[in-house]
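Written out below as structure tokens is the structure these notes cover.
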């Protein structure tokens with residue numbers, strides 16, 4: 001067990017070790033759905049929701065697997081839980097808001113293969129977090145992911161009006177912005193204990 | 001700009017299945033798939049190479065199995081089945097690396113487990129192995145795997161040379177070389193990949209013009 005307070009865990013996951021900009025987790029949706037702020041914010045919320053649910057499940061699964069002494073099943077069971085949660089969210093969104101469902105498109109089922117979600121589950125297990133700490137960690141990671149997604153979406157919306165060289169349009173330009181954002185986030189390093 | 005010609009049918013020859021992954025449809029530079037490990041573990045050439053080989057192995061094995069089972073897996077549950085197959089081989093790789101070199105295992109960390117969610121592997125299973133024979137799938141996996149490893153190595157080498165002044169731990173520069181610390185940090189990963197993409201873009205536009 002560790003002595004980190006819940007606030008520190010949250011700050012650490014959201015800012016200091018931001019999942020997208022410091023750990024490079026969840027880059028695919030980060031590059032794919034960051035074209036418009038509106039879509040990005042909804043994607044962020046969906047990811048955060050899946051993260052919290054799967055983090056709770058992962059905590060239970062880890063305890064269970066430790067009890068029956070079968071740690072090699074960890075990865076397989078985590079991914080199954082995440083896939084089913086995503087399926088649930090997908091059905092929910094389809095029912096509640098068909099337009100949102102269309103705008104998220106292929107990236108909704110792809111939340112399953114969002115490394116950030118599996119990353120949260122794996123890191124919390126490695127760090128030995130308790131139940132409450134796990135939830136806070138997942139919330140922080142989700143908030144950090146949403147923040148990074150919103151920032152880059154806002155920048156890209158502005159860049160649509162900028163005159164950039166033809167060859168740098170698209171992914172290359174997004175990656176440059178991401179690099180600069182990542183530099184900015186390094187400034188948070190003093191906030192929390194590593 | 002990513003053109004998927006995998007379903008181009010009889011026109012694609014057998015050798016072409018292998019070669020396309022190396023350059024024309026390079027998973028990293030052209031398709032921009034599987035970015036997370038590409039950026040995260042490419043801070044040294046050695047890590048990048050190890051990660052590339054591990055991914056290539058999982059890709060090869062899962063492509064073989066998916067291709068063998070393609071007539072038995074019902075359409076509705078195919079994605080779930082693919083993920084289970086991939087997760088199995090990743091677990092095998094995870095334990096194998098731990099047995100071979102604890103040091104390497106520590107420096108790659110959780111990213112070995114995260115091969116499961118590498119979009120590249122799932123996309124090859126879905127787009128290629130589920131529709132083609134075992135032989136073709138093996139060639140496809142080898143080509144894509146080598147292309148992926150090559151791209152990772154390109155990134156890792158640049159970042160290690162500039163950020164550390166070394167390549168595979170051999171010093172390259174004379175004393176007094178100021179290391180570009182930023183290249184080892186996360187931001188460096190973004191910048192290096194962006195620079196490689198720019199170079200590839202220039203080459204491609206030249207080709208189209210001529």
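Every number here is computed from the coordinates shown, using simple stated rules; none is lab data. Remember, it's a predicted structure, so these values are computed and weren't measured experimentally. Using ideal geometry, Cβ is built from the backbone for each residue, glycine included, and neighbour counts are taken over all protein chains shown.
Under a crude label model (7 Å from the Cα following the beta-carbon direction), how far is residue B:166 from residue A:70 in nanometres?
Reported label-point gap for residue B:166 and residue A:70 is 4.3 nm.
What's the center-to-center distance, using Cα atoms, between segment A:124-194 and segment A:31-95 in Å?
That distance is 19 Å.
Shielding of A:81-92 by partners, i.e. mean partner chain Cβ atoms within 10 Å per residue? Mind showing how you got there, number by number?
Values: counts 0, 3, 4, 1, 0, 0, 2, 0, 0, 0, 0, 0.
Partner Cβ neighbours, averaged per residue: 1.
Quick one: B:169, B:140, B:71, B:94, fewest Cβ neighbours within 10 Å first, how do they rank? It would help to have the intermediate numbers written out before the result.
Working: B:169 10, B:140 25, B:71 7, B:94 22.
In increasing order of surrounding Cβ atoms, one gets B:71, B:169, B:94, B:140.
Give me the inter-chain shielding for A:17-23: mean count of other chain Cβ atoms within 10 Å, whole number please.
Numbers: counts 1, 1, 0, 2, 3, 4, 8.
Shielding by partners across A:17-23 averages 3.
By per-residue mean of other Cβ atoms within 10 Å, what is the highest-first order of B:158-167, A:111-120?
Numbers: B:158-167: 19.6, A:111-120: 27.5.
Output ranking for B:158-167, A:111-120: A:111-120, B:158-167.
Sort largest first and round to whole Å: the equivalent ellipsoid semi-axes of segment B:13-156, each the square root of five times a Cα gyration tensor eigenvalue.
Details: eigenvalues 115, 66, 28 Å².
Largest first, segment B:13-156 gives 24, 18, 12 Å.
Based solely on its DSSP helices, what 222 nm [θ] is calculated for chain B when runs of n ≥ 4 H residues each add -39,500 (n - 2.57) and the sum is averaged over all residues, nearest 500 deg cm²/dmol? Provide the component values of the computation, followed by the final result.
Numbers: 9 runs with 131 residues, N = 210.
Helix contribution divided over all residues of chain B: -20500 deg cm²/dmol.
Angle, helix B:186-209 long axis vs. longest principal axis of chain B, Cα atoms, 0 to 90°, nearest 10?
Roughly 60 degrees, rounded to the nearest 10.
To two decimal places, what compactness ratio does the protein assembly as shown give when its Cα radius of gyration is scaled by 2.2 N^0.38 Å?
Details: Rg = 20.7 Å, N = 404, 2.2 N^0.38 = 21.5 Å.
Its radius of gyration relative to the 2.2 N^0.38 Å reference: 0.96.
Report, in degrees rounded to the nearest 10, the 0 to 90 angle that the Cα long axis of helix A:37-67 makes with the longest principal axis of chain A.
20
Report relative contact order for chain A in percent, whole number only (criteria: Cα-Cα under 8 Å, sequence separation at least 6).
On the way: 213 pairs, mean separation 84.2, N = 194.
Computed over chain A, the figure is 43 percent.
Shielding by partners for A:65-74, please: the mean number of other protein chain Cβ atoms within 10 Å of each residue's Cβ. Don't skip to the end; give the middle numbers.
Working: counts 0, 0, 0, 0, 0, 0, 1, 5, 2, 4.
That works out to 1 on average.
Give me the percent relative contact order of segment B:70-157, please, defined on Cα pairs under 8 angstrom at least 6 residues apart. Please list the in-between numbers first.
Values: 28 pairs, mean separation 26.1, N = 88.
Once normalised by length, the contact order is 30 percent.
Fewest to most neighbouring Cβ within 10 Å: what's the order for B:190, B:173? Write down the numbers at each step before the final one.
Details: B:190 24, B:173 13.
If I rank by nearby Cβ atoms, fewest first, I get B:173, B:190.
Please report the spacing between the Cα centers of segment B:47-97 and segment B:163-181 in Å, no decimals.
Comparing the Cα centres of segment B:47-97 and segment B:163-181, I get a distance of 37 Å.
Kirkwood hydrodynamic radius, segment A:6-186, all distinct C-alpha pairs: what's the number in Å?
Details: mean 1/r = 0.0591 Å⁻¹.
It is 16.9 Å.
Tell me, what is the percent relative contact order of chain B, built from C-alpha pairs under 8 Å that lie six or more residues apart? Display every interim value, and only then the final one.
Values: 271 pairs, mean separation 70.9, N = 210.
Taking the mean separation of contacting Cα pairs over the length of chain B, I get 34 percent.
If packing is taken as the average count of other Cβ atoms within 10 Å, what order do B:48-60, B:174-186, B:31-43, B:13-25 fall into, highest mean first?
On the way: B:48-60: 23.4, B:174-186: 13.3, B:31-43: 25.2, B:13-25: 16.3.
Ranked from most to least packed, the peptides come out as B:31-43, B:48-60, B:13-25, B:174-186.
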